[in-house]
Amino acid sequence: MPIHIAMLGYNRAGLDIYNWLVEQDDVKLIGLFTTDEQLKPITTFDLDFIISAGYHHRIPEEIINHPNVACINIHPSYLPYNRGADPNVWSIVEGTPTGVSIHLVEPDIDTGPVIAQMQVQTDFADTGLDLHQRLEDAQLECFKQAWPEIRSGEFDADPQRETDATAHTRGDLHDLCHLHPDDQYTVKELLDILRALTHPPYENAHIEVDGETYYLEVSIRQADEEAD
């Protein structure tokens with residue numbers, strides 16, 4: 001019997017996972033849902049899994065609690081760190097562990113028990129864009145590795161450690177982008193903010209000087225190793 005899945009999401013990681021599942025002989029995908037309005041008929045389908053990756057809306061409780069259906073999310077952070085929005089930015093700014101997590105969905109954002117995780121290596125030269133792309137790749141790889149246990153239903157799901165939890169909203173990113181001329185930082189703190197917000201083509205970090213607004217990006221490269 002094929003496994004019946006509804007997929008929620010519309011970023012590259014979500015599309016990569018969707019396309020990978022399409023290739024599996026024992027999987028039947030009923031669709032890729034990207035908006036709130038599209039979710040309304042989901043509870044009428046005969047499903048085994050609802051899988052979310054890159055879905056930027058809160059999933060209604062009637063879908064989370066759909067009988068006999070596991071609702072799973074793939075989140076680009078090493079939970080419980082960086083729940084919510086823009087985890088690639090906050091892992092740089094706050095120096096928290098970086099990675100991806102697969103977890104059961106609960107009504108609160110990114111709080112559900114964790115099924116699988118994968119850490120992602122970082123470097124001081126990384127920008128927000130670099131890390132975003134690396135986390136997208138890692139989401140597919142983590143899902144592929146975890147899928148046999150998920151598919152069988154024989155997976156462990158461990159509660160998150162609330163004492164380590166951090167979370168951010170879109171509004172937090174908006175506030176971070178606005179640099180104030182009189183604020184004080186260490187050099188590294190300021191560089192971490194600038195590289196975290198460097199994500200072309202987006203114009204993120206900005207400062208107002210003498211009535212003019214200026215946008216900032218940063219490029220950091222590691223010095224070449226000296227020859228022996």
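The values are calculated or read from the model by the stated rules, or taken from the named source; none is laboratory data. Just so you know, these numbers come straight off a predicted model, no measurement behind them. Here the Cβ is made from the backbone with ideal geometry for all residues, glycine too, and neighbour counts use every protein chain on show. Just the protein is used for accessible areas: all its heavy atoms, side chains included, with ligands, DNA and RNA removed. Shrake-Rupley method; radii C 1.70, N 1.55, O 1.52, S 1.80 Å.
Within region 95-109, the residues that satisfy the criterion of being touching a helix residue (DSSP H, G or I) at 6+ places or on another chain (Cβ under 9 Å) and not hydrophobic (A, V, I, L, M, F, W, C) are GLY95, THR96, PRO97, THR98, GLY99, SER101, GLU106, PRO107.
Among the numbered criteria (1) more than 21 Å from PRO159 (Cα to Cα); (2) open to solvent by less than 50 Å² (accessible area, probe 1.4 Å); (3) of a type in the set (S, T, N, Q), which single criterion is violated by THR96? Only one criterion is unmet by THR96, namely (1).
SER77 passes every criterion in (1) over 19 Å from ASP172 (Cα atoms); (2) open to solvent by less than 10 Å² (accessible area, probe 1.4 Å) apart from (1). Annotation: HIS103 fulfils all but one of (1) surrounded by fewer than 16 Cβ atoms within 10 Å (Cβ to Cβ); (2) more than 27 Å from LEU194 (Cβ to Cβ); (3) at pLDDT 95 or above; the unmet one is (1). Screening region 168-200 for residues that are touching a residue at least 60 places away in the same chain (Cβ under 8 Å) and over 24 Å from ALA125 (Cα atoms) and picking the one that is surrounded by the fewest Cβ atoms within 10 Å (Cβ to Cβ) gives ARG170. Checking region 28-44 against the condition returns a match, with at least one residue being buried (at least 16 other Cβ atoms within 10 Å of the Cβ), free of Cβ contacts under 8 Å to residues at least 24 places away in the same chain and polar (S, T, N, Q).
When each of GLU136, GLU203, GLU208 is tested for being farther than 28 Å from SER101 by Cβ, in contact (Cβ under 8 Å) with a residue 24 or more places away in the chain and of a type in the set (Asp, Glu), the lone residue that passes is GLU208. Restricting attention to region 83-111, the residues that are part of a loop (DSSP other than H, G, I, E, B), in contact with a Ser or Thr (Cβ under 7 Å, 6 or more places away or on another chain) and farther than 16 Å from ALA138 by Cα add up to 3.
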